[in-house]
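Enquirer: So that we are looking at the same thing, I have put the structure below in structure tokens.
Just so it is clear, none of the values below were taken in a lab; they were calculated from the coordinates. Because the structure is a prediction, the values reported are computed rather than measured. Using ideal geometry, Cβ is built from the backbone for each residue, glycine included, and neighbour counts are taken over all protein chains shown.
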Amino acid sequence: MTDYVRDGAEIYRRSFATIRAETDLTRMPPDVAQVAVRMVHACGMTDLVDDLGWSPAVVASARAALRGGAPVLCDAAMVASGVTRRRLPADNEVLCTLGDPRVPDLAERLGTTRSAAALELWGDRLGGAVVAIGNAPTALFRLLELIAEGAPRPAAVLGIPVGFIGAAESKQALADSDLEFLVVHGRRGGSAMVAAAVNAIASEQE
Ligand SMILES: C/C1=C2N=C(/C=C3N=C(/C(C)=C4\N[C@@](C)([C@@H]5N=C1[C@](C)(CCC(=O)O)[C@H]5CC(=O)O)[C@@](C)(CC(=O)O)[C@@H]4CCC(=O)O)[C@@](C)(CC(=O)O)[C@@H]\3CCC(=O)O)C(C)(C)[C@@H]/2CCC(=O)O
């Protein structure tokens with residue numbers, strides 16, 4: 001039998017030490033670097049940091065919002081499931097409206113995906129919220145449209161959808177906006193990655 005590490009805390013310690021040894025974090029501020037380490041941990045790709053884009057105050061803004069009780073608004077149930085509730089500083093609400101029974105009809109009526117239509121049900125929670133998008137480019141595009149139409153502004157947008165159609169473009173549009181943002185440019189992204197970013201922001205522990 002292969003010998004393997006069985007101690008969870010030791011696995012985490014060695015993982016984070018390996019990531020820090022193999023990843024160039026020098027171009028980013030310490031708070032973004034801490035988030036980047038956890039994102040790399042979630043996907044196993046140390047070169048992910050080369051594609052990371054951020055606004056200077058994104059981590060501070062998201063962290064302050066969470067401490068103030070802001071909700072985490074997610075595009076997919078996978079994202080919401082990945083957020084570790086005990087790390088959240090104010091028992092924050094973690095919301096994904098994609099499974100709401102009204103969403104399929106809404107999507108049909110609006111002529112869009114269910115992921116994008118689900119944002120219509122975020123209601124008045126958007127102002128000051130932390131938005132976490134890990135799957136659906138159309139959800140990120142719709143968020144930017146809503147804000148352009150005058151919807152309240154979130155405290156931070158962690159816009160990390162994965163994929164081939166619209167993913168890179170939606171993230172570039174977010175990075176070109178005046179919102180506080182974190183993105184992984186290009187095709188890479190995913191629910192696990194954005195959940196890891198929320199978890200890192202929620203708590204400074206590694
Ligand atoms: C086009 C879509 C993409 N989905 C991708 C990758 C994954 N999606 C998974 C799952 C389980 C779900 N994806 C949906 C969000 C579904 N995916 C889409 C849509 C058709 C459109 C979204 C968009 O383009 O913006 C979307 C359905 C919709 O009408 O909005 C999901 C709701 C489908 C469903 O099961 O009903 C569902 C999310 C469930 C949830 O968690 O709430 C995967 C696990 C793949 C699979 O099941 O085989 C995977 C997860 C990736 C991740 O890390 O999140 C793509 C590749 C991202 C793709 C969008 C871009 C593209 O290039 O096609």
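Enquirer: Is any residue of segment 48-70 close enough, with backbone N under 18 Å, to a label point placed 7 angstrom from the Cα of ALA90 along the Cα-Cβ axis, and if so, which?
Expert: Taking a point 7 Å out along Cα→Cβ of ALA90, the residues of segment 48-70 whose backbone N falls under 18 Å are 58-70.
Enquirer: What is the set of long-range amide H partners of VAL94 at a cut-off below 5 Å, with H atoms built 1.01 Å from backbone N?
Expert: VAL72
Enquirer: While we're looking at this one, here's another question. Longest exposed-loop-site-free stretch of the chain, with chymotrypsin sites (Phe, Trp or Tyr not before Pro), DSSP loop and at most 11 other Cβ within 10 Å? Walk me through the intermediate numbers first.
Expert: Working: sites that count: TYR4, PHE164.
Counting only loop sites that pass the neighbour cut-off, the longest clear stretch is 5-163.
Enquirer: Further question on the same structure: Over the chain, what relative contact order in percent results from Cα pairs under 8 Å that are six or more residues apart? Each step should come with its number before you reach the end.
Expert: Numbers: 387 pairs, mean separation 52.3, N = 206.
Relative contact order for the chain comes out at 25 percent.
Enquirer: A further question on this structure: Need the C-alpha centroid separation for segment 63-120 versus segment 17-58, integer Å.
Expert: 25 Å
Enquirer: If the rule is a partner Cβ under 4.7 Å, which cysteines in the chain fail it?
Expert: CYS43
Enquirer: On C-alpha positions alone, give me the angle between the axis of helix 191-202 and the longest principal axis of the chain, in degrees, nearest 10.
Expert: 80 degrees
Enquirer: Can you check what the net charge comes to around VAL194, using other residues whose Cβ is under 12 Å from the Cβ of VAL194 (Lys, Arg +1; Asp, Glu -1)?
Expert: Numbers: positive: ARG38, LYS171, ARG188; negative: ASP75.
Around VAL194, the surrounding residues sum to +2.
Enquirer: Quick one: Karplus J couplings for segment 116-124, per residue in order, coefficients 6.51, -1.76, 1.60, θ = phi - 60°, nearest Hz, x for Gly and Pro?
Expert: 6, 4, 4, 5, 4, 8, 6, x, 7
Enquirer: Can you compute the modelled spin-label distance between ARG109 and ALA60, with each label point 7 Å from Cα toward Cβ, in nm?
Expert: Reported label-point gap for ARG109 and ALA60 is 4.2 nm.
Enquirer: While we're here: Provide the net charge surrounding LEU140, with neighbours chosen by a C-beta distance below 12 Å and charges set as Lys +1, Arg +1, Asp -1, Glu -1.
Expert: So the surrounding residues net to -1.
Enquirer: Tell me, what HN-Hα J-couplings in whole Hz come from the Karplus equation 6.51 cos²θ - 1.76 cosθ + 1.60 at θ = phi - 60° for each residue of segment 43-60, using x for Gly and Pro?
Expert: Running phi through 6.51 cos²θ - 1.76 cosθ + 1.60 with θ = phi - 60° gives 10, x, 10, 6, 7, 4, 4, 5, 9, 6, x, 7, 9, x, 9, 4, 5, 4 Hz.
Enquirer: Report, please, the projected area of the chain averaged over directions, based on the convex hull of its C-alpha atoms, in nm². Walk me through the numbers before you get to the answer.
Expert: Working: hull surface 50.0 nm².
Averaging across all directions leaves 12.5 nm² for the Cα convex hull.
Enquirer: In sequence order, what are the phi-derived ³J(HN,Hα) couplings for segment 161-168 according to the Karplus relation 6.51 cos²θ - 1.76 cosθ + 1.60 with θ = phi - 60°, rounded to whole Hz, with x for glycine and proline?
Expert: Values, residue by residue: x, 9, x, 10, 10, x, 5, 4 Hz.
Enquirer: Now for a separate question. With a cut-off of at most 16 other beta carbons within 10 Å, and DSSP calling the residue loop, which trypsin sites (Lys or Arg not before Pro) in segment 62-102 qualify? Please list them.
Expert: Values: sites: ARG63, ARG67, ARG85, ARG86, ARG87, ARG102; in loops: ARG102.
Passing sites in segment 62-102 are ARG102.
Enquirer: Of the GluC sites (Glu not before Pro) in segment 109-186, which ones lie in a loop per DSSP and count no more than 16 other C-beta atoms within 10 Å?
Expert: Working: sites: GLU120, GLU145, GLU149, GLU169, GLU180; in loops: GLU149, GLU180.
Sparse-neighbourhood loop GluC sites (Glu not before Pro): GLU149.
Enquirer: Using amide H atoms built in the peptide plane, which far-off residues or other-chain residues are under 5 Å from ARG153 H to H?
Expert: GLY128
Enquirer: Which parts of segment 149-168 would a label at ARG187 reach, counting a residue when its backbone N lies under 16 Å from a point 7 Å out along Cα-to-Cβ?
Expert: Only 161-168 fall inside the zone, counting backbone N under 16 Å.
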